[in-house]
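The values are calculated or read from the model by the stated rules, or taken from the named source; none is laboratory data. Bear in mind the structure is a predicted one, so any value in this text is a computation, not a measurement. All Cβ positions, glycine included, derive from the backbone under ideal geometry; neighbour counts span all protein chains shown.
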Amino acid sequence: MFDYSFAHWLAFLSAAVLLNLSPGPDIAFILGHTMRSGKRAGFSALFGVWSGACLHVLMAALGLSAILATSAVAFSTVKWIGAAYLVWLGIQALRSGGGNGLIKAAGESLSVARIYRQGILVSLLNPKVAIFFLAFLPQFVVEGGGPAWAQLMLHGGLIIVVAAFIEPPLVLLGGRLANAIRHNQKIGLWLDRGLGALFLALGVRLALSSR
């Protein structure tokens, strides 16, 4: 069980690294919170996104993601909910005064639970992520390597493990910059505006996407 060749692991790990390095709503969400509020907020966002990714892997292993891939209605429903959520986050950030909106100023108490929940939703409400896992993971299912669902879970979990080596350093780097500017509310205001514009753009991009 789980007996794979070196070529298999090389191909899979290379793809997993490229996947985690590619920019998208998840990375933007994590870095946005980190840059605006520091490492504590960044890691809360990070763990939220990872939790959402775990649920995507579970759904792919159980075959639930196939519904999104085959049903136009299901895909559109999730897509529009996800797009609306990103736009809502963007509007909240744009309305911020630099310290009292979506993301509070660095140095103040942060609702890490709220950021964590937002991270889960940002990941879950992106149907293209679900379809990606459904299309990507089965390519590494090997005949005789064990039950298909177990192989899907293994490779999906390893993608998150690879992320654990790539994304935390980004949070630490962003946290240093956040500490350097945390007493400047004017900079915080423009960071909120930049983050808001980014979330709005991602929401529009998701709304315009197709299967």
Looking at 15, 60, 53, can you tell me which residue is under 16 Å from the mean Cα position of the chain (by Cα) and modelled with pLDDT of 80 or more? 53
Only helices (runs of 4 or more DSSP H) wholly contained in region 64-182 count here; list those with 2 or more residues that are among the basic types (Lys, Arg) and either modelled with pLDDT of 75 or more or crowded, with 20+ Cβ neighbours inside 10 Å (or both). 112-124
Return the total of residues in region 2-49 being assigned to a helix (DSSP H, G or I), among the charged types (D, E, K, R) and more than 18 Å from residue 133 (Cβ to Cβ). 3
Go through (1) within 19 Å of the chain's Cα centre (by Cα); (2) at pLDDT 70 or above; (3) more than 18 Å from residue 35 (Cα to Cα) for residue 209 and report which single condition fails. (2)
